[in-house]
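Undergrad: Got a structure for you, questions after.
The values are calculated or read from the model by the stated rules, or taken from the named source; none is laboratory data. These figures come from a predicted structure and were not determined experimentally. Every residue, glycine as well, gets a Cβ built from its backbone with ideal geometry; the counts of neighbours run over all protein chains shown. SASA here: full protein model, heavy atoms, side chains in, ligands and nucleic acids out. Shrake-Rupley method; radii C 1.70, N 1.55, O 1.52, S 1.80 Å.
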Amino acid sequence: MTFSVVVEVSLRPGIADPEGATIERALPALGFQGIANVRAGKCFRLSVDASSEAEALERAISLADRLLSNPVIEQSTARIEASA
Amino acid sequence: MTMRVGVVVFPGSNCEYDAASAIEAVGATAGFVWHGATSLEGYDAVILPGGFAHGDYLRPGALARFSPVMQTVADFAYGGGAVLGICNGFQVLTEAGLLPGALQKNRGLTFLCQPSTLEVASTRSALTNRATIGQRLSIPINHFSGNYTCDDDTYASLVENDQIVVRYVDNPNGSRDAIAGVSNVAGNVVGLMPHPERATSALLGSRDGLVLLESFVSGQLVAR
C-alpha cells in the first residue's frame, strides 16, 4: 500500500529562530495583533510504500532523522495525511 | 616535502579555484577531487571549499554529506589527516558530523559579504598552529547561514577541549560566543565561515589569510 505522509521539521525549542522572529516582528505593521511565538519550519509530503500506517510513519521518521532534518538543531514529526 | 592538498569539488562549489590558488601561494601544490571520488590517494590534506554544494537544497551541506567522497574524507579525518572546511565546506563538515554544532541562518536574515575581523582563540588546530592567541586577522565573510549554533553541553565541551579556533570581534551573524571556526577534539579537522583563501594578497585587501593557510600546509597538524 502507499500512504501519504506529511513530515514537519522545526527548530528544537530553545534554538533561536531568526526567520520566525523576523516574521513576528513584521506582524504589527500588517495589522495582525495578538499573534506570538512564531516558529518557522519546513513541511514535506511523501508517498510511502508500506504494509501499515505504523510502518509508513516509521520509514518517514527514519528519513527525517537521517536527511530531512539536522537533529543537532531540528526536530521532526510525521503524520498520515487523509487521502483526498 | 611539499604538501599536496586535495580540493574537493561538489556540483555547485565555487571557491575551488581560489582555494587551489591560495594553497599554491603558500608553497604547497593543489589538485581537484571530484565529489564522486572514493580515494584521496596522493594527497596529504583536504579542503572542502565554499560555494553551494548541491544547490544548498534542503539545508547547506545536507545533500553534500552523502556524496561518495565524504566517506573517504571521514576516513581520512579519523586517520588524523588535516581537513579544512571553508564556508560551505564548514557547513558540510557539521552536517557530516565531523565537526560539532550547526550553522543556521544569520541573525537579521541578511546575506553578509564584507570584511570581518577575527581573533585567534586557539593555536592547537591545523589552521592556526603558526598564529598567536589573540592575533587579529581581517578575513572576508560571504554567507547566509553562518550563525554557529550548538547546545549547552556541546558548547561546554568546545571550551573544555580548546576547540574554538577563531571568533568574530563584532559577531556579524549572531553566532554563539561569536564563534567563527571550530575544530574537532584532535585539532586536525577545522571549519570556519570566513574565507582565508580570499585574503592572500594586498591586492585583495588583506594578506591575513596567509598565516592560516601556512599553518594548514605546515604538515604540523597540531602545535604542541
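Undergrad: For the structure I just gave you, tell me whether B:ILE139 is in contact with a Ser or Thr (Cβ under 8 Å, 6 or more places away or on another chain) and open to solvent by 10 Å² or more (accessible area, probe 1.4 Å).
TA: Answer is no for this residue.
Undergrad: Now a separate question. Does B:GLU214 fit the bill of being outside any strand (DSSP E or B), in contact (Cβ under 8 Å) with a residue 60 or more places away in the chain and in contact with a Cys (Cβ under 9 Å, 6 or more places away or on another chain)?
TA: Judged against the criteria, B:GLU214 is not a match.
Undergrad: State all residues of region B:53-67 that are in contact (Cβ under 8 Å) with a residue 12 or more places away in the chain and in contact with a Phe, Trp or Tyr (Cβ under 9 Å, 6 or more places away or on another chain); if no residue qualifies, say none.
TA: B:ALA53, B:HIS54, B:ASP56, B:PRO60, B:GLY61, B:ALA64, B:SER67
Undergrad: Still on this structure, please answer the following. Would you confirm whether or not region A:24-40 contains a residue that is under 19 Å from B:TYR57 (Cβ atoms) and either without any contact (Cβ under 8 Å) to a residue 60 or more places away in the chain or open to solvent by less than 50 Å² (accessible area, probe 1.4 Å) (or both)?
TA: yes
Undergrad: Quick one: would you say B:VAL222 is surrounded by fewer than 23 Cβ atoms within 10 Å (Cβ to Cβ), outside any strand (DSSP E or B) and at pLDDT 95 or above?
TA: no
Undergrad: Anything in region B:15-49 that is within 14 Å of B:PHE90 (Cα to Cα) and out of contact with any Pro (no Cβ under 6 Å at 6 or more places or on another chain)? List them, or say none.
TA: Result: B:VAL46, B:ILE47, B:LEU48, B:PRO49.
Undergrad: Restricting attention to region A:22-73, and to residues there that are part of a loop (DSSP other than H, G, I, E, B) and within 12 Å of another protein chain (Cβ to nearest Cβ), which single residue is nearest to B:PRO100 (Cα to Cα)?
TA: Only one residue fits best here, namely A:VAL72.
Undergrad: Could you check, for region B:59-73, whether at least one of its residues is under 16 Å from B:GLU197 (Cβ atoms) and open to solvent by less than 70 Å² (accessible area, probe 1.4 Å)?
TA: Scanning region B:59-73, I find no residue that is under 16 Å from B:GLU197 (Cβ atoms) and open to solvent by less than 70 Å² (accessible area, probe 1.4 Å), so the answer is no.
Undergrad: Would you check if there is a residue in region B:31-46 being away from every other protein chain (no Cβ under 14 Å), open to solvent by 40 Å² or more (accessible area, probe 1.4 Å) and touching an Asp or Glu at 6+ places or on another chain (Cβ under 8 Å)?
TA: yes
Undergrad: If you take just the strands (runs of 3 or more DSSP E) that sit entirely in region B:77-137, which of them hold at least 2 residues that are over 21 Å from B:VAL217 (Cα atoms) and touching a residue at least 40 places away in the same chain (Cβ under 8 Å)?
TA: Where strands (runs of 3 or more DSSP E) fall fully within region B:77-137 and carry at least 2 residues being over 21 Å from B:VAL217 (Cα atoms) and touching a residue at least 40 places away in the same chain (Cβ under 8 Å), they are B:102-104, B:112-120.
Undergrad: Now for a separate question. In region B:189-206, what residues are surrounded by fewer than 22 Cβ atoms within 10 Å (Cβ to Cβ) and in contact with a strand residue (DSSP E or B) (Cβ under 6 Å, 6 or more places away or on another chain)?
TA: B:SER206
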